[in-house]
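Here the structure is laid out as structure tokens; the discussion comes afterwards.
Bear in mind these aren't lab numbers, they're just calculated from the coordinates by the rules spelled out. Keep in mind the model is a prediction, meaning the values are calculated, not measured. Cβ coordinates were reconstructed from backbone atoms using ideal geometry, including for glycine residues, and neighbour counts include every protein chain displayed.
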Amino acid sequence: MKFSLVDVFIAMGGVLVLVEPLPAQESQSEKPKQFIYVLHLVPRLYADASWTDEDKKVLQRHFVRFQEAIKAGKLILAGRTSESGDKTFGIAIFEAKDEAAARKFMEEDPAVAVGLMTAELHPFTVALEHKNP
């Protein structure tokens, strides 16, 4: 059986495809993962009158941190329900390289770090997103 030069190049090309990852595969493995954390107020803060000046300062730092994360492209969205008391909760959807980095981001939230809110971390995938012009 005789092989032409073209046959050899085709065979070599097939081997290279098997050995070298495709650029799309590389970028997918390096792409940040998405996470969500759900925030709940601690019971002592269910009533608006219970908030101390220090609590309000911590909440302001929590909000400023989210603003900075939006500007840095790390935070996708954050918000809270309009319900009161034990029914209210907030969410933060964000990107991180892995679960450890996501957990660190959540635990360093000022409201979580000082105990104004509890937080639960979950892997998440944004399926549809409205883009602002």
Query raised in the report: By how many nm would the segment from GLN67 to ALA49 grow when fully extended, if each residue of separation counts as 0.36 nm and the alpha-carbon distance is taken off?
Result: 3.9 nm
Report summary line: Between LYS56 and HIS40, the two model label points (7 Å from Cα along the beta-carbon direction) sit apart by a distance in nm of 2.7
Requested in this report: For every other residue with a beta carbon closer than 13 angstrom to the beta carbon of PHE105, add +1 if it is Lys or Arg and -1 if Asp or Glu, then tell me the sum.
Outcome: -1
Query raised in the report: Leaving out same-chain residues fewer than 8 places away, which lysines sit with a Cα under 25 Å from that of LYS57?
Result: LYS71, LYS74, LYS87, LYS104
Report task. Compute the FRET efficiency between GLU30 and GLU83 as 1/(1 + (r/R0)^6), taking r as their Cβ-Cβ distance and R0 = 30 Å, and round to the nearest 0.05. Result -> 0.15
Query raised in the report: Calculated FRET efficiency, LYS131 and GLU99, Cβ-Cβ r, R0 25 Å, to nearest 0.05?
Result: 0.40
